[in-house]
1. Search the stretch A:328-346 for residues being touching a residue at least 24 places away in the same chain (Cβ under 8 Å) and among the charged types (D, E, K, R), and hand back the single one that is nearest to A:Glu299 (Cα to Cα).
2. With the requirement that a residue be surrounded by 18 or more Cβ atoms within 10 Å (Cβ to Cβ) and either β-branched (Val, Ile, Thr) or closer than 18 Å to A:Glu495 by Cα (or both), what does the stretch A:414-436 give you?
3. For A:Ala338, indicate whether it is assigned by TED's automatic domain parsing to the domain that holds A:Leu270 and under 19 Å from A:Met294 (Cβ atoms).
4. For residues that are surrounded by 18 or more Cβ atoms within 10 Å (Cβ to Cβ) and of a type in the set (Ser, Thr, Tyr), tally how many sit in the stretch A:473-487.
5. If A:Tyr90 passes every condition in (1) over 29 Å from A:Pro251 (Cβ atoms); (2) over 21 Å from the mean Cα position of the chain (by Cα); (3) surrounded by fewer than 16 Cβ atoms within 10 Å (Cβ to Cβ) but one, which one does it miss?
6. Which residue out of A:Phe29, A:Phe37 is at pLDDT 95 or above, more than 13 Å from the chain's Cα centre (by Cα), surrounded by 19 or more Cβ atoms within 10 Å (Cβ to Cβ) and not in a helix (DSSP H, G or I)?
7. Would you mind stating whether A:Arg178 is buried (at least 20 other Cβ atoms within 10 Å of the Cβ) and among the basic types (Lys, Arg)?
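The values are calculated or read from the model by the stated rules, or taken from the named source; none is laboratory data. Being a predicted model, the structure only gives us computed values, none of them experimental. Note that we place each Cβ from the backbone using ideal geometry, even for glycine, and neighbour counts take in every protein chain shown.
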Amino acid sequence: MKVRVRFAPSPTGGLHLGGVRTVLYNYLFARANGGDFVLRVEDTDQNRFVAGAEQYIMDCLNWCGLIPDESPEKGGPYAPYRQSERKHLYADYAEQLIASGHAYYAFDTTEDLEKMRKDYRRDDNTNPQYDHNIRGLMLNSLTLPPEKVAELVQNGTPYVVRIKMPANETVMLTDMIRGEISFDSSLVDDKVLLKADGMPTYHLAVVVDDYLMKITHAFRGEEWLPSAPVHVLLWEYLGWKQHMPQWAHLPLILKPDGNGKLSKRDGDRLGFPVFAMNWTAPRTSETTKGFREMGFLPEAFVNMLAMLGWNSGSEQEIFSLDELVERFSIERVHKGGAKFDFEKAKWFNHQYIQRTDDATLAELAKPYIDMELGIGNWELGLLSKVVPLVKDRCTLLPDFWAQGHFFFTTPEIKEEAAIKEKWNDQKQQFFTSWINILTAQPTWDHAVIEATFNEELPKNGLKKGDVILPFRIMLVGGKYGPGVFVIAEVIGKDETIKRIKRVIG
RNA sequence: GGCGCGUUGGUCAAUCGGCUAAGACGCCUCCCUUUCACGGAGGAAUGACGGGUUCGACUCCCGUACGUGCUACCA
């Protein structure tokens with residue numbers, strides 16, 4: 001049987017780190033097993049629908065290079081891939097469940113449900129559920145005579161369909177990551193399967209669509225584990241038990257400080273991205289930063305995510321996507337959640353920058369230089385000289401500007417104190433006469449510049465250490481950067497002399 | 001409250017009964033570099049707790065604690 005996996009997001013906002021990791025594991029598993037990877041949009045909640053979110057999700061997958069084989073955009077043999085467009089399919093299955101006695105109509109209003117939760121709340125049961133103990137007390141096709149039910153349905157009274165959870169059964173589930181898990185069916189509530197608006201809930205839709213789309217392995221977040229028995233029973237009640245996919249409940253990605261699931265808020269609070277790419281909420285126009293815009297390379301982002309919850313068992317940490325396909329195994333995925341570490345994420349990006357060829361880096365860095373200087377306002381050829389000089393100091397793409405800005409424009413002197421404090425006549429004299437020597441130089445390369453620099457030192461009773469730092473600050477503005485004579489070579493004779501004069505007057 | 005899941009350094013983690021418990025990030029020291037990085041050499045830092053099982057337990061079992069997830073006509 002052909003392996004088929006699916007990523008099933010609901011289009012409600014930005015794509016979270018954890019979501020991308022779920023996509024990745026799906027993708028790796030599909031590729032490794034010669035299977036299909038499908039993107040199915042779970043837009044069954046009309047209240048939470050956010051315009052543009054679906055397109056955004058696909059853009060994120062594109063950026064990461066995790067392209068689905070079948071999707072709403074691309075189509076495929078099991079189209080449509082949007083649950084809202086599959087709405088008509090679900091009611092029949094709900095009816096089938098009612099007919100076989102595994103589900104029932106419920107006519108309780110929101111107020112009825114609130115009242116029930118209030119009335120039955122006790123200290124040892126702070127959250128009463130609509131379950132096998134309670135359903136006999138509610139307004140549904142189990143408590144109402146058949147004629148009454150038929151009448152209510154016919155005259156358009158809103159109703160939902162609920163699963164009838166059995167009492168005292170042990171529901172078993174074999175998880176690829178966690179092994180055997182069991183639940184007591186008495187403790188699981190009668191989940192709504194079909195909502196009053198005719199849309200299925202996740203519980204029904206996921207089972208029906210996984211069946212119809214012939215999904216063989218289902219990866220999802222650990223937060224779904226408690227509702228897994230509902231899904232297992234649905235597979236059984238619908239008569240599809242032998243087709244049920246193998247489950248893998250992935251560990252959560254936790255916030256770096258304290259505990260709990262990593263949320264968008266944590267990123268805002270601690271200054272790192274949580275979404276793959278910038279996301280602007282259409283309603284509020286509020287933008288949340290993404291890894292892409294912060295200057296991550298998609299390969300580094302994906303590699304980092306792969307290692308958050310999985311490792312190969314070897315000491316290797318840097319893997320290309322192809323290597324991951326080859327090495328990844330779901331059995332080696334951790335059970336416990338992992339705290340997200342932004343420092344480690346940056347380290348991955350630094351590694352990838354060092355391994356990327358200079359021409360590609362120049363392409364990647366270009367937009368950030370454009371952002372500072374304006375498109376077309378600077379010499380593109382200069383960037384290819386700068387990239388190899390500053391790349392080891394760059395962790396994120398904007399660092400190419402931070403580390404190399406002085407190649408493009410005359411920098412502001414930020415370390416003036418370091419020059420002024422120990423300034424004296426000898427130094428003044430040194431630079432004054434050195435400028436004249438430089439001006440007369442027919443060739444301009446770092447070796448020549450350094451040679452003249454060295455020759456001029458003793459004439460003024462100076463050592464290299466006395467003036468090399470001041471010279472650096474003249475050119476760079478601060479105490480950082482590549483070899484100072486190389487910088488002088490790259491910015492050119494006129495600019496070098498200009499920058500020295502600017503300081504010595 | 002109930003139920004599920006989890007628990008090796010600050011963080012990510014190896015180990016599938018033999019451990020003097022890898023490696024990476026971060027941190028610290030030193031070297032390299034008359035800058036900052038890169039690179040190199042070191043260092044501090046770990047099995048939640050209590051019982052079993054076993055010649056031997058980080059590894060297996062039980063309990064406790066702690067954490068976390070769910071407990072919606074949201075996914």
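1. The qualifying residue nearest to A:Glu299 (Cα to Cα) is A:Lys346.
2. Correct list: A:Ile419, A:Phe431, A:Trp434.
3. no
4. 0
5. In the conditions (1) over 29 Å from A:Pro251 (Cβ atoms); (2) over 21 Å from the mean Cα position of the chain (by Cα); (3) surrounded by fewer than 16 Cβ atoms within 10 Å (Cβ to Cβ), A:Tyr90 misses (3) alone.
6. Answer to the check: A:Phe37.
7. no
This table checks each residue for (1) small (Gly, Ala, Ser); (2) away from RNA strand B (no atom under 14 Å from the Cβ).
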site: A:Tyr368; (1), (2): no, yes
site: A:Met371; (1), (2): no, yes
site: A:Thr395; (1), (2): no, no
site: A:Ala447; (1), (2): yes, no
site: A:Leu457; (1), (2): no, no
site: A:Lys464; (1), (2): no, no
site: A:Leu469; (1), (2): no, no
